[in-house]
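Just below is one structure, and these are the notes that go with it.
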Amino acid sequence: MIEPGSVRPFQVVFEPIAKPATCTADETLLACARGIGLEIAGPCGGQGTCHGCQIKVLQGEIANGRSGEAWQLACQIKPRTDLVVELSARSLATPERTDVAGFDVTVATEPAVHFVTIAMRHPTLADCRADTQRLADTLSQEGATLRRVPLPVLLSISEILRRQDWRGTAILDDEGSLRAFLPSDAPVVGLAVDLGTTNVAAYLLDLRDGRRLAGSGLENLQRAYGADIITRLTHAVRTADGRTELARAARKTISMQIETLCESAGVDADRIVDITICGNTAMQHLLLGLPIKQLGAAPFVAVGAEAMEVSANELDLPAAPGAKVWLFPGIGGYVGGDHVADILATQSLQKEGVNIIIDIGTNTEISLAQNDTVHCLSTPSGPALEGSQISCGMRAAEGAIERLHEDPSGGFFVTTIGKVEPVGICGSGVLDAVASMLRSGAIDRRGRIAANHPATIDWFGRRAVRLAPRVVLTQDDVRAVQLAKGAIRAGIEVLLSAAGLTEDRIDRVIVAGAFGTYIDVESAIAIGMLPPLPTQRFTQVGNSAGLGARLALLSRRMREQAAALTRRCRYIELSSRADFQTSFMRRINF
């Protein structure tokens, strides 16, 4: 056996995929796996609290644990010898539901760039103008003004002009900055991104006609540093390179999306001349690498809330050399650009009267729109409703329980993603499970698990309800759901109070986001997460934030509307509201 501190790294083989890696004595197996691109679930950021990174040590010796058949946590284990380990199906499951679909809105294509096709005279001894001057003079003859050529474009423009025989299409923005010089018949594309805390949805669009060329969803690589925003902000503040690590993870996620989308659409990344991104306040700060210490403590002040534009080159995103990234404006606190995109995208669905727009996630953003006024807030609902930090919780992947109802015998009928044997439970399944447990008497109105229910078992010394042979919900899991649903319902009540309204005055509830797409609204009402309104007043719209990002990519007017929306919004900070705490305590029970 080689003792810790040895200079020789240990060899680790991850089964059942037979993927080898090297691991130092002071490195956890979770960090080792992620170092080779193996995305094991670990939403608590390696704190050992979520039980997502379960493995078995089949061969070899470890520190902080033991070899054998027991499931252990990869984030808590370090090697003492070479190892062979088995990954649990739940830990390795690949997300299948990142929701790049949803409803759509048609908008006139008027992007923030315009295209000028030209043919230039070749340089001669009698005409030796600089390449950029020749380009500017020719554009001027076509009525276009070239004011600036960014350095990344300067580095490549001479080669491009000669390769294209001095012919092509100049892509200019409204400031006269050259984004790219492309072949005349080349596609000109843009990228729209919904940078979610959990998942990232991205879309490639043709900027000439607005067609969607490809769409893709991917788990946000920042989840390696925690499932929730506060955990990530804490890492960014307390770790020497934390802010850089989180920025790099977000940018890598988007870069991977670009690679996937371009391959799917059959276009090169250097055809991407414009990018729009929406995310909550923390996500956009972390992407840009902005200071976030002041965002993690009251009064939760952002560096800036206006729309921002930076070069794609500054963010290390593969795109045209002069491509720019436009980020949505925010409203206040944690109500950021993603919720502005939600409101922007769902304007056509809002009825006369009172509308609730809710995007349920680790942080849940809620707005109440009435006439020209929008009250909005963000409530920390936690990751439980997305299947994270639940004993048998997992991503929405094959084998995850997504639907559940009571069996007359006292058990439960389950439906899994992929119609395979259940290995865990995802967010929509958690919601159904709690509602079914409540109806069947497995839990009472206070959320306590009944001792004498047929499905109640002892699970490693804790009372739990068996949902399937290898899947349970524990008392702690039920409490986590109670906290999440109590926070959401209390947030809705604060908005109604601020507007001087009662629940019966709500004309429409628009449920946005990937999680909101798959939940059973009746289950959400049954546990008290949503108001007890007729189900026809609820509309589930899918990824409306992603749609908002697409609209802003295709239309200058939509960008202006996004800015105008923020001026109509009245932000409510919950930490200063005693009525939120009162409502929250009242709504914890079922």
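Tabulated values for the structure
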read-out: Options Arg470, Arg577, Arg568, Arg479: the member that is over 22 Å from Gly196 (Cα atoms), of a type in the set (D, E, K, R) and at pLDDT 95 or above; value: Arg479
read-out: Qualifying residue in the range 393-412 (condition: closer than 14 Å to Val430 by Cα, among the aromatic types (Phe, Trp, Tyr) and surrounded by fewer than 22 Cβ atoms within 10 Å (Cβ to Cβ)); value: no
read-out: Set Arg570, Arg557, Arg537, Arg550: member being surrounded by fewer than 20 Cβ atoms within 10 Å (Cβ to Cβ) and over 19 Å from Ile488 (Cα atoms); value: Arg557
read-out: Any pair with Cβ under 9 angstrom, 6 or more apart, that starts in the range 115-130 at a residue that is within 14 Å of Ile157 (Cβ to Cβ) and without any contact (Cβ under 8 Å) to a residue 12 or more places away in the chain and ends at one that is surrounded by 11 or more Cβ atoms within 10 Å (Cβ to Cβ) and acidic (Asp, Glu); value: Pro123/Asp131; Arg129/Asp137
read-out: Test result for Asp209, modelled with pLDDT under 95, assigned by TED's automatic domain parsing to the domain that holds Leu315 and loosely packed, with under 13 Cβ neighbours inside 10 Å; value: yes
read-out: Strands (runs of 3 or more DSSP E) enclosed by the range 454-558 - at least 3 residues per element that are without any contact (Cβ under 8 Å) to a residue 60 or more places away in the chain and among the charged types (D, E, K, R); value: 462-468
read-out: Residue that is more than 15 Å from the chain's Cα centre (by Cα) and farther than 27 Å from Gly542 by Cβ, where the choices are Glu352, Glu309; value: Glu309
read-out: Inter-residue pairs, beta-carbon under 6 Å, first charged (D, E, K, R) and in the range 295-317, second in a loop (DSSP other than H, G, I, E, B) and surrounded by 14 or more Cβ atoms within 10 Å (Cβ to Cβ), 6+ apart; value: Glu306/Pro329
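Every residue, every condition in (1) in contact with a Leu (Cβ under 6 Å, 6 or more places away or on another chain); (2) of a type in the set (D, E, K, R), yes or no:
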residue: Arg248; (1), (2): no, yes
residue: Gln257; (1), (2): yes, no
residue: Ala265; (1), (2): yes, no
residue: Thr276; (1), (2): yes, no
residue: Asn280; (1), (2): no, no
residue: Lys293; (1), (2): no, yes
residue: Gly296; (1), (2): yes, no
residue: Met308; (1), (2): yes, no
residue: Asn313; (1), (2): no, no
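The values are calculated or read from the model by the stated rules, or taken from the named source; none is laboratory data. Since the structure is predicted, the reported quantities are computational estimates derived from the model, not experimental observations. Note: ideal-geometry Cβ built from the backbone for every residue, glycine included; neighbour counts use all protein chains shown.
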